[in-house]
Amino acid sequence: MDRQNSRLIAFSGIFIALLLGVGYALAFVPNVELLTAMVFMSGVLMGFKRGIIIGVVGEFLFSALNPMGSGLLFPPMLIAQLIAMAIVSFLGALTRNYVLRCKQGIISAIIMGGIGLLLTLFYDILVSAAFPVSAGFSFREVVGTIIAGLA
């Protein structure tokens, strides 16, 4: 294994540890969640492939070992979380050039805030829909559950 490959593996491990540290440190703080932002940044900083691996592994460990309840108890929700974080990381890698080169200012802040809002909504909708869809709820019941999950 060459030196560059070893460094990338080490950086990936450090990033996953950072994801878990931030996630668990804020697990009991209501309405504060930085895991999605960290997964987005893994895509920005590590690229498509490594960013997705970091996002999926980090989310799996966070969900499986969560002190508020393990995601292993409900596999459809865990799968939805992993898919959502893979997409968040992918979009982080996709917007890499913009994020790394954007200048400070109100326009950049609004654009980055909008990206964060849309990705958070996407994650919440996907995860909120996991149970009712897997339980065979009707479309109206699924929509009602998603709305309740966003409230």
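Starting from the range 123-146, keep only residues that are loosely packed, with under 15 Cβ neighbours inside 10 Å, then list their pairs with residues that are in a helix (DSSP H, G or I) whose Cβ atoms are within a distance under 8 Å, requiring at least 6 positions of separation or different chains.
Going by the 8 Å Cβ cut-off, the qualifying pairs are Ser134/Pro76; Glu141/Pro132.
Please determine, by comparing only the residues of the range 7-19 that are buried (at least 16 other Cβ atoms within 10 Å of the Cβ) and either out of contact with any Ser or Thr (no Cβ under 6 Å at 6 or more places or on another chain) or at pLDDT below 90 (or both), which one is farthest from Glu59 (Cα to Cα).
Residue satisfying both the conditions and the ranking: Ser12.
Only one of these conditions is not met by Lys103: (1) part of a helix (DSSP H, G or I); (2) closer than 25 Å to Leu34 by Cβ. Which number is it?
Every condition holds for Lys103 apart from (1).
Of all residues in the range 73-93, which are within 13 Å of Ala129 (Cβ to Cβ), over 8 Å from the mean Cα position of the chain (by Cα) and buried (at least 18 other Cβ atoms within 10 Å of the Cβ)?
Met77, Ala80, listed by residue number.
Being in a helix (DSSP H, G or I) and under 12 Å from the mean Cα position of the chain (by Cα): is that true of Phe15 here?
Answer is no for this residue.
On the basis of being assigned to a helix (DSSP H, G or I) and touching a residue at least 24 places away in the same chain (Cβ under 8 Å), does Ile83 make the cut?
Spelling it out, Ile83 is indeed assigned to a helix (DSSP H, G or I) and touching a residue at least 24 places away in the same chain (Cβ under 8 Å).
Can you tell me which of Val44, Val32, Val57, Val39 is within 15 Å of the chain's Cα centre (by Cα), assigned to a loop (DSSP other than H, G, I, E, B) and either loosely packed, with under 14 Cβ neighbours inside 10 Å or at pLDDT 90 or above (or both)?
Exactly one of Val44, Val32, Val57, Val39 is within 15 Å of the chain's Cα centre (by Cα), assigned to a loop (DSSP other than H, G, I, E, B) and either loosely packed, with under 14 Cβ neighbours inside 10 Å or at pLDDT 90 or above (or both), namely Val32.
Would you point out which residue out of Ala10, Ala37, Ala27 is small (Gly, Ala, Ser), touching a residue at least 40 places away in the same chain (Cβ under 8 Å) and over 18 Å from Leu100 (Cβ atoms)?
That would be Ala27, the only listed residue that is small (Gly, Ala, Ser), touching a residue at least 40 places away in the same chain (Cβ under 8 Å) and over 18 Å from Leu100 (Cβ atoms).
The values are calculated or read from the model by the stated rules, or taken from the named source; none is laboratory data. Bear in mind that the values here come from a model prediction, so they are computed numbers and not experimental data. Reconstructed Cβ throughout: ideal geometry from the backbone, glycine too, with neighbour counts over all protein chains shown.
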